[in-house]
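Below is one structure, written out as structure tokens; the observations come after it.
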Amino acid sequence: MSMNSVGRSTKSDQVAPSGSGDCSLLPAEPLLFEIGSTEHSGVDLPDIEVDDKRLGNFRRQTPLELPGLSEPENMRHYVRLSRLNYSIDAGLYPLGSCTMKHNPRLNEKMARLPGFADVHPLQPVSTVQGALGVISELAHWLMTLTNTSAVAMSPKAGAHGEMCGMMAIKAAHAASGQGHRNIVLVPESAHGTNPATAAFLGYKVVPIPAKSDGTVDVSAVEEALSADVAAIMLTNPNTCGLFEPDVKKIADAVHKAGGYFYCDGANFNAIMGVIRPGDLGIDAMHINLHKTFSTPHGGGGPGAGPVVLSDALAPFAPVPFVQKSNEGFVVEEHGDGNSSFGRLCAFHGQMGMFTRALTYMLSHGGDGLTQAAKDAVLNANYLKARLQEEFSMPYGDQPCMHETLSDDSFLEGTGVTTLDFAKAMIDEGYHPMTMYFPLVVHGAMLIEPTESESLYALDAFAQTMLDLAKSAKAGDVERFVNAPTKAPLRRLDETGAARNPVLKWSK
Amino acid sequence: MRYLPHSEAERKKMLDVIGIDSVDELFATVPKELKLREPIDLPPTSPEFEVEAHMGALAAKNRTGSDGPFFIGAGAYRHHVPASVDHLIQRSEWLTAYTPYQPEISQGTLQMLFEFQTQVAHLTGMEVANASMYDGSTSAAEAILMARRQTRRKKILLSGGLHPQYRDVIKTYLSADEGLVCFDADPKGTAQIITEIDNDTAAILVQTPDFYGNLHDIKALADAAHEKGALLIVVVTEIIALGLIEAPGALGADIVVGEGQSLGNPLGFGGPYVGLLATRSKFVRQMPGRLCGQTVDSEGRRGFVLTLSTREQHIRREKATSNICTNAGLCALAFSIHLSLLGEMGLQKLAKINHANACKLAVEMAKISGVEVLNSTFFNEFTIRVNKDANSVVNALAGKNILAGLPVSRLEPAKKDLENLIVLATTELTSSGDIEALVSALTSVLSGEELS
């Protein structure tokens, strides 16, 4: 084993300050570039010489300036950093529309089996029959849960799935001589990705207003429909946490006008095993495996967004797709000569997420998934019932699905905003709910507890939320406008960060 | 069900608080005919050991990289990942955190992303990098859209050395529009893309080392592009190469995109991987994807936040630079941990070992009758022409438990001139024994009667 022969500099500007008042278990952690050294390494490799014969004139001259850390230094750096993060494993994570449910560790164990982790995507097909089997089984579960007959597995995230579904719709219109259709209808409550996806494909986005009860106005849809409308992008259950009761009418009207129904499946967790989107008349819907099927969010990805497709859109699905033959599974990797709209990524999609999601499904079974959806809805309604007296829930007179929505009218006149309220939750040990989304209510607070939370955890959360609301109303503004005071850092200057972007470390 | 905490008594208690008798009442807004009447037709709840047995049986049907000699690359590389990387990324605080939208309780993820961005900028020789993309292929497509926004021009030249699946992704993202010019497959890396650059060209996109392994003169390409006001996009699918070959940014590249899988991330049958995207500071407002920036908290302490989000879909909706809504956080973390373990010294050593193994293999391949090595330059991957159909040769070798590289025809079917080509890769995991086994088996397959 080679040992580092040069110690790291202990110049005063390179060590963490002492006497800073940092909390004992959460000291500030310097940047890797401040503690590492280009002469340290946590990997033992022989140092061999190579000549330039095969490198042309392209040998690297520019210094890499990449600091290294020995293994103990490295371990400490990333363990210390990790402790500055909130996580589902440490607490309730009520982010509406994000479905922060428990991530079973069996999923991680299965994804790490060498038979899945150490397999190349371009090995001969005869040597990867198990991997193709996973894709095929997962596809079967997704199609059964949605009552559809095709699924495109390769999209890498929800927004990539939207792109997939909308590209299939565009291809289908082009194939039937309807390529002139250039409008996509998007309800105002939609996720930002919906209009961004439609615009990406060159569509004009026409917003559809919501009714006062938070659901989409069918007559507004009917009015907006024309021979130029390609599709509607509708989230169901919607982002106010409500099931769209007129969904079938909307689907029928859109189909009658020659358009397709893209369903944003971000909120599928509320209805899996209870309602099948295929029965609602959808033509395409992405399923966020990282939400509904518990693949980890990982601090912001990787996601996975397979898209189920109706019979009308299935012929336009992207490559690759797995098929069964007499010799086992085969992969169709080329769109030439068929109507596939093309390819969305190299290789087969988020395989590591497929193994995790399939493990999750097998663990639950059909009955367990149905129970999970019902518990998710029960938990959200329980919180709604507990919070209703102090919060202002614009659609509170009807049951919600998996998430409950408050606006900020209960804070009126208190001097406390939704943002302040969220930051005060941090001091109470909670990650805030989704705030200022959906855009259709003022100062939105969207709370999604998921099925993973026990009654004890829900009661503790409700107690904290009620206490905060009462405190705001009682005029204890200090508790909010200065919050958080107990987190590793106080509020950060986001405006300054955007005005003078510092996007990398420099000496 | 082990993941669902409630007892029936607790469910009843909760229903009482809500003031209803049954959970079904919560679905009252759903029209009756839209609800499933029968239980869904799927197997029931399974204990852990049964799920393990089921998944284990599927895994056992795959031939793993360690089961025998292995020479496949082509955009995904079999490198060793230090044990501590996988341990660290499974910590709850990394694995089960959300996107760092609440910076006060997400400084771990944010600081890591800031370090990641810095590492990618240094590796590629660029001024700024984002917090990662889905993978290399989608990064390449997004880079082209970015170049079009930046130059307000349409024409794009794609080099014939680009990974064929990357080319197909770009075609799909651009709906194969009239501005896209794809050069023919270019196994020897000699096609003259430079002469096609004109005043309408938004960007040229060149992979180096390219799909066939050839290294390209980035400086000459950059100079030619810039002379016409076009941008140069460089694609790197084997990021370890930048430990030994010059940083594209130092040679004039305007956007560098890459696949970061080689650092920290297993082959995993193709994903999830981590897309890299780096550019010049002056183009930052046209960049897609998340960016992490340094700032201070209200007490003046250094901290990090997601920034410049006015480019992004959740703020700009239909006017966003991209519809992308995520990055590859956990894969970026694995990349960053692995690279910080290596450091400059480790990465250089690793790159040299990779290259030396490829040199060794190339020498041996050239000695085999019926094999021609096409490359004059390469890093850890090169192309051979064999005197028989490459697909049949690779399948025959797979029958001898040797995964002998990628027959180009798998990705470029129906192209006669590519039918006999195989792309071979080595890494630090390639042993002399592996090379000997391949040489002996390939010699036998090419000389024997096993194939017509």
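Bear in mind these aren't lab numbers, they're just calculated from the coordinates by the rules spelled out. Keep in mind it's a predicted model, so treat the numbers as computed, not measured. Heads up, the Cβs are rebuilt from the backbone with ideal geometry, glycines too, and the neighbour counts pull from every protein chain shown.
Things worth noting here:
- Among residues other than residue A:201 with Cβ under 14 Å from its Cβ, the summed charge is 0 (Lys and Arg +1, Asp and Glu -1).
- Taking every C-alpha pair closer than 8 Å and separated by at least 6 residues, the mean separation divided by the residue count of the stretch A:372-494 gives a relative contact order of 30 percent.
- Loop-resident sites, the stretch B:260-343, for GluC sites (Glu not before Pro), counting at most 11 other Cβ within 10 Å (DSSP): B:299
- Within chain B, helix-based [θ] at 222 nm, where runs of 4 or more DSSP H residues each add -39,500 (n - 2.57), nearest 500: -11000 deg cm²/dmol
- Other protein chain Cβ atoms within 10 Å, averaged over every residue that makes up A:151-158: 3
- What the Cα convex hull of chain A gives, in volume per residue, is 210 Å³.
- About the centre of its Cα atoms, the protein assembly as shown shows a dipole size close to 1300 debye [charges on the beta carbon of Lys, Arg (+1) and Asp, Glu (-1) only; nearest 20 debye].
- Separation in nanometres of the label points that stand 7 Å from Cα toward Cβ, at residue A:326 and residue A:180: 4.9
- Look at the stretch A:355-361: the mean tally of other chain Cβ atoms within 10 Å of its residues' Cβ atoms is 3.
- Antiparallel beta bridges, as assigned by DSSP with both residues in chain B, represent about 60 percent of the total such bridges.
- The stretch A:199-298: antiparallel DSSP beta bridges as a percent of all, rounded to 5: 10
- Residue order, fewest to most surrounding Cβ atoms within 10 angstrom, among A:339, B:46: A:339, B:46
- Over chain A, DSSP H runs of length four or greater, each weighted -39,500 (n - 2.57), average out per residue to a 222 nm ellipticity of -10000 deg cm²/dmol.
- Other protein chain C-beta atoms within 10 Å of residue C-beta, averaged over B:33-43: 6.
- Ranking of A:93, A:436 by count of other Cβ atoms within 10 Å, fewest first: A:436, A:93
- Extent along the principal axes, Cα only, for the stretch A:150-361: 52, 39, 29 Å, with the longest axis given first.
- Site pair residue A:44 and residue A:140 shows an inter-label distance of 4.8 nm when each label is modelled 7 Å from Cα along Cα→Cβ.
- Our note on the geometry: Cα centres of the stretch B:224-254 and the stretch A:187-235, 41 Å apart.
- Projected over every direction and averaged, the convex hull enclosing the alpha-carbon atoms of the stretch B:330-386 yields 5.0 nm².
- For the stretch B:281-436, the Cα gyration tensor yields ellipsoid semi-axes of 45, 23, 13 Å (square root of five times each eigenvalue, largest first, whole Å).
- Using distinct alpha-carbon pairs, which all enter the 1/r mean, Kirkwood radius of the stretch A:372-494 in Å: 14.7
- Radius of gyration and maximum dimension Dmax of the protein assembly as shown, Cα, Å: 27.4, 90
- Taking the fewest neighbouring Cβ atoms within 10 Å as the starting point, the ordered list for B:444, A:340 is B:444, A:340.
- Segment residue B:17-residue B:281, length gained on full extension (0.36 nm per residue, minus Cα span): 89.4 nm
- Radius, Kirkwood style, for the stretch B:83-338 when every pair of distinct Cα atoms is counted (Å): 18.5
- Taking a straight line from the alpha carbon of residue A:101, these lysines sit under 26 Å away, with near neighbours fewer than eight places off in the same chain left out: A:109, A:156, A:291, A:374, A:384, A:423, A:486, B:12, B:13, B:35.
- Reciprocal mean inverse distance between Cα atoms of the stretch B:184-277 - Kirkwood radius, Å: 14.0
- When both bridge partners sit in the protein assembly as shown, DSSP labels roughly 60% of those beta bridges antiparallel.
- Efficiency of FRET between residue B:50 and residue B:315 - r from beta-carbon atoms, R0 35 angstrom, step 0.05: 0.15
- Histogram of C-alpha separations across chain B, 10 Å bin width, %: 4, 18, 25, 23, 16, 9, 4, 1, 0
- Ignoring lysines fewer than eight residues from residue A:507 along the same chain, the ones with Cα atoms less than 18 angstrom from its Cα are A:11.
- Cross-link partners of residue B:228 among lysines (Cα-Cα below 29 Å; sequence separation of 8 or more within a chain): B:154, B:155, B:171, B:188, B:219, B:282, B:319
- Helix B:136-151 axis, angle to chain B major axis (alpha carbon atoms, nearest 10°): 90
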